[in-house]
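Reviewing the structure listed below.
Only the coordinates and a few stated rules stand behind these numbers; no lab work does. Keep in mind the model is a prediction, meaning the values are calculated, not measured. Cβ: placed from backbone, ideal geometry, glycine included. Neighbour counts: every protein chain shown.
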Amino acid sequence: MADPATFDQLAAVIRNRRTSMFVDEDTEVPAALVEQLCGLAMWAPNHKRTWPWRFALFQGDGRRRLGETMVADMIDADFGDEGKRVKTAGKYLRTPATLVVGCAPHDNEMLHIENRDAVAAGIQNLLLAGTSMGLATFWSTPALTKPPRVLDLSGFDPDDRIVGIIYLGWADRSCETPERPPVELTIVDS
Ligand SMILES: Cc1cc2nc3c(=O)[nH]c(=O)nc-3n(C[C@H](O)[C@H](O)[C@H](O)COP(=O)(O)O)c2cc1C
């Protein structure tokens, strides 16, 4: 049975989610809460039930270690100039929790693509659930998506790839809402 109130609540959470790093830097995001969000990510649709998502939470000094490790990978890959490397070294400290979300590969080309789709859908679940709890969330793409040292530090396999680095913290300010263009929907009914 349709429940308009549930629809309205869900629509509000979807519209209220913002890509934001306006957070209270001094209040931690408990690991147990992040684990709950990861659990909700795993309710995303997943073709062939390959369960491709991988999660690694960096908090406290772990965030510094993530930055240093990413920089070591950038140096190994001869990627980025000194300025970019310095910025990367400190960027994961901007929110109390930084979540690396990875994706397992697949031998089948289509399933390899679909695994990433499932992880992306999972990230959106996570962002929405976080928004509903009062968290500010920020999905970013890392400089390198297959950084060997970061994959290892995250406890992922060497062939996994990173789909997003998600910054999480308790929202302490609202931010501008980028308007969406109007819906364009083709309807074919005959
Ligand atoms: C796959 C993906 C990667 C993204 N990577 C970045 C990023 O590296 N840096 C950034 O500033 N925003 C990143 N974003 C966030 C978008 O910039 C943001 O969603 C967009 O500006 C719309 O704002 P909103 O999410 O508040 O509606 C990413 C979003 C997605 C879906």
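Among the listed residues Asp117, Asp189, which satisfies the condition of being under 14 Å from Ala41 (Cβ atoms) and among the charged types (D, E, K, R)? Asp117 is the lone residue from the list that is under 14 Å from Ala41 (Cβ atoms) and among the charged types (D, E, K, R). Scanning region 132-172 for residues that are of a type in the set (Ser, Thr, Tyr) and closer than 15 Å to Pro30 by Cα, we see that the one that is surrounded by the fewest Cβ atoms within 10 Å (Cβ to Cβ) is Tyr167. Scanning region 150-181 for residues being more than 14 Å from the chain's Cα centre (by Cα), within 15 Å of the ligand (Cβ to nearest atom) and not small (Gly, Ala, Ser) gives a total of 8. Of the residues examined, Phe138 is not one that is in a loop (DSSP other than H, G, I, E, B) and of a type in the set (Phe, Trp, Tyr). Just one of the listed residues (Arg94, Arg149) is within 28 Å of Val23 (Cα to Cα) and outside any strand (DSSP E or B), namely Arg94. Can you find a residue in region 94-103 that is within 16 Å of the ligand (Cβ to nearest atom), charged (D, E, K, R) and closer than 20 Å to Trp170 by Cβ? Within region 94-103, one or more residues are within 16 Å of the ligand (Cβ to nearest atom), charged (D, E, K, R) and closer than 20 Å to Trp170 by Cβ. Of all the numbered requirements in (1) surrounded by fewer than 24 Cβ atoms within 10 Å (Cβ to Cβ); (2) touching a residue at least 24 places away in the same chain (Cβ under 8 Å), Asn108 misses one, and that requirement is (2). One residue stands out in region 110-134 among those that are within 14 Å of the ligand (Cβ to nearest atom) and of a type in the set (S, T, N, Q): the one that is farthest from Ser20 (Cα to Cα), namely Asn125. Here Ala44 meets the list (1) out of contact with any helix residue (DSSP H, G or I) (no Cβ under 6 Å at 6 or more places or on another chain); (2) in a loop (DSSP other than H, G, I, E, B); (3) not basic (Lys, Arg) almost entirely, failing just condition (1). Taken as a whole, region 89-103 holds no residue that is surrounded by fewer than 17 Cβ atoms within 10 Å (Cβ to Cβ) and among the polar types (S, T, N, Q). Just to be sure before I move on: is Arg54 touching a residue at least 24 places away in the same chain (Cβ under 8 Å), within 16 Å of Ala136 (Cβ to Cβ), of a type outside the set (S, T, N, Q) and crowded, with 18+ Cβ neighbours inside 10 Å in the structure I sent? No, not satisfied.
If you go through region 112-130 one residue at a time, do you hit one that is under 15 Å from the mean Cα position of the chain (by Cα) and not in a helix (DSSP H, G or I)? The answer is no, given that none of the residues of region 112-130 is under 15 Å from the mean Cα position of the chain (by Cα) and not in a helix (DSSP H, G or I).
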